[in-house]
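Here is the structure we will look at, set down as structure tokens.
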Amino acid sequence: MTGKLEREVAGEYNTFRVYLYMLRMKKARTREVQRSLGFSSPRLAAHHLEKLNELGLVEKENFHYLVVPRSFGVLRLFFVFERWILPKSFFLVIIFLAMTVSTYILRAQHPYLLMVLPLSLIGLAISIYLTVQFYRLLPKT
């Protein structure tokens, strides 16, 4: 099933954009999707929503579509939290930032921490770079 999701959704730019939008909004109508993503007609948004419905990624309830969160394709590199889609590498940024700040603050008390400071700065720079690169993988919604 995961291979089919990767082909049918992650491989289709606009369908994937609709799914990302639904992950953020949790619930939306066809016209909301059309306006937010700049589709030329509500029919185009409905086509992508119905495709997601057939694949079990959204459920239709009256006039609304409700998202069914799944992790497949590039989405395996992300956590979905409320309206935020965060790369897993973002947590490395937080860890290396805390390490860098605490090393800098404590350097006067423990001079040997000056050896750790360059390593924490390098880790911070690399994790920021990776996080930005992961964000660039996602299409604009």
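Across region 123-138, the qualifying residues are those that are in contact with a helix residue (DSSP H, G or I) (Cβ under 6 Å, 6 or more places away or on another chain) and surrounded by 14 or more Cβ atoms within 10 Å (Cβ to Cβ), and the one among them that is farthest from Leu92 (Cα to Cα) is Phe134. Restricting Asn14, Asn53 to those that are over 30 Å from Ala125 (Cβ atoms), surrounded by 14 or more Cβ atoms within 10 Å (Cβ to Cβ) and touching a residue at least 24 places away in the same chain (Cβ under 8 Å) reduces the list to Asn14.
Among the conditions (1) modelled with pLDDT of 90 or more; (2) closer than 22 Å to Val74 by Cβ; (3) of a type outside the set (Ser, Thr, Tyr), Glu6 misses just one, which is (1). Residue by residue through region 83-107, note down the ones that are among the β-branched types (Val, Ile, Thr) and either within 19 Å of Leu23 (Cα to Cα) or modelled with pLDDT under 95 (or both). Matches in region 83-107: Ile85, Thr100, Val101, Thr103, Ile105. Yes or no: region 20-38 includes at least one residue that is assigned to a helix (DSSP H, G or I), of a type in the set (Ser, Thr, Tyr), more than 14 Å from the chain's Cα centre (by Cα) and surrounded by fewer than 16 Cβ atoms within 10 Å (Cβ to Cβ). Looking for residues that are assigned to a helix (DSSP H, G or I), of a type in the set (Ser, Thr, Tyr), more than 14 Å from the chain's Cα centre (by Cα) and surrounded by fewer than 16 Cβ atoms within 10 Å (Cβ to Cβ), one finds none in region 20-38, hence no. For region 81-105, a residue qualifies if it is among the small types (Gly, Ala, Ser) and surrounded by fewer than 17 Cβ atoms within 10 Å (Cβ to Cβ), and the qualifying residues are Ala98, Ser102.
So which residues in region 106-122 are surrounded by 14 or more Cβ atoms within 10 Å (Cβ to Cβ) and assigned to a helix (DSSP H, G or I), if there are any at all?
Step one: filter region 106-122 for residues surrounded by 14 or more Cβ atoms within 10 Å (Cβ to Cβ), giving 107, 113, 116-117, 120-121.
Within region 106-122, Leu113, Val116, Leu117, Ser120, Leu121 meet the criteria.
The values are calculated or read from the model by the stated rules, or taken from the named source; none is laboratory data. Quantities reported herein were computed from a predicted structural model and do not represent experimental measurements. Glycine gets a Cβ as well: all are built from the backbone with ideal geometry, and neighbour counts include every protein chain shown.
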